[in-house]
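The values are calculated or read from the model by the stated rules, or taken from the named source; none is laboratory data. What you are looking at is a predicted structure, and each value in this text was computed from that prediction instead of being measured. Don't worry about glycine lacking a Cβ; one is built from the backbone with ideal geometry, like all the others, and counts go over all protein chains shown. SASA here: full protein model, heavy atoms, side chains in, ligands and nucleic acids out. Shrake-Rupley method; radii C 1.70, N 1.55, O 1.52, S 1.80 Å.
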Amino acid sequence: MNIVICITIIAITGILLMKRYQPQPVLIGMGILMMFIAYEANWIDAILVESQSTGVLVFDAMDIVRITTSENIVNLGLMIMTCAGYAKYMEHIGAGTRLAHTFIRPLYRLNRPYIVLALMFLLNMGLSICVPNPLSLALLMMVTMYPVLLRLGVSPVGAAAVIATGHLMDVGPGAVSTLLIAKTLNMPVPNYFVGYQLRLYFLVAIVTAIAHFFWQKYRDRVEEPKTIDACESIPEAPIGPKLYMIFPLLPLCFILGFSQYGFPGVKMNVTLAMMLAFGIALLAELIRHRNLRIVLKSTTIFFEGMGGNQFSYAVTLIIGGTNLCTRTSEFRSY
């Protein structure tokens, strides 16, 4: 019976999410519902242990949310915020744009529109590991990849499809799903990323690139030709010096380099990797501008990126997901 109830609630949750209901209250609400069902069915004696209980059943159910929130904000929330702040700073100094331009330039010389399209999709997915924020990556690709594809003869819709699907899988050491799952499994982030995500990631990337090649070519052939006037409306993004192309890759190098895949004697975590890379980027900016005041002022970009929507959305989503996952695992053990 408990398995049937569990599957039913998960199915209802999936339906609500597919219908675009706000995910945080849905996940939290379903988790609380499962707690009440378990209590009423006498599968558990109490929602909270006696030392943590408020003495009122409804209050205990709501206090679970507080406990989950306090546990996640300190560690997981800080990791997510530093990843977002670093991505924002890379955008500010033009490091991401330089990286994209460096890889896109040789592809442009192929002059084979749909082969270039498929290869650029692979590049887009590869960059998603270094740029965990989907919006930042999409904006980066719009100012670098989109005009190139249009000038090669790909339709605006086809070019946009390649950009929109670049974050097809939320993977990478700085991705929210990676951090949450690694924490839930009590597994180091590098081990989970390399041992479980990368194999599937490469397979999905290749299959999707082939699908893009044939589908976009077919759609552009059967539909009316499009103009490239849209290129003129794309805002320009700052392009940093050539050396800056390594900065988006630094956190990944630190995380994988100081692990069992490199130097296991040094302990490294995601937050530390982001802060180290940020410090190196600041030093490079100081050498570039030779103005301490300007460089120190630019740190506000990093701190502004740490807050705002990235915290309010991602962290609360993790809280809701953790709540539902915990209740689901408990149901399986009843």
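Quick notes on this one:
- Given in Å, the Rg to one decimal and the Dmax to the nearest whole number for the Cα atoms of region 1-130 are 23.6, 71.
- Label-point separation, E304 to V65 (7 Å along Cα→Cβ), nm: 3.2 nm
- Scaled radius of gyration (Cα, divided by 2.2 N^0.38 Å) that region 100-183 gives: 1.12
- Averaging 1/r across all pairs of distinct Cα atoms in region 79-219 and inverting the result yields a Kirkwood radius of 15.6 Å.
- Computed from the C-beta positions of L57 and I210, the FRET efficiency with R₀ = 51 Å rounds to 0.40.
- One decimal place: the segment K297-D45 gains 85.2 nm when fully extended, by the rule 0.36 nm per residue minus the C-alpha distance.
- Those lysines that a straight Cα-Cα span of less than 27 Å connects to K267, excepting residues fewer than 8 apart in one chain: K88, K183
- Accessible surface of H289, taken over heavy atoms with a 1.4 Å probe and every protein chain present, rounds to 80 Å².
- If you take the Cα centroid of region 77-138 and the Cα centroid of region 23-68, the two points sit 42 Å apart.
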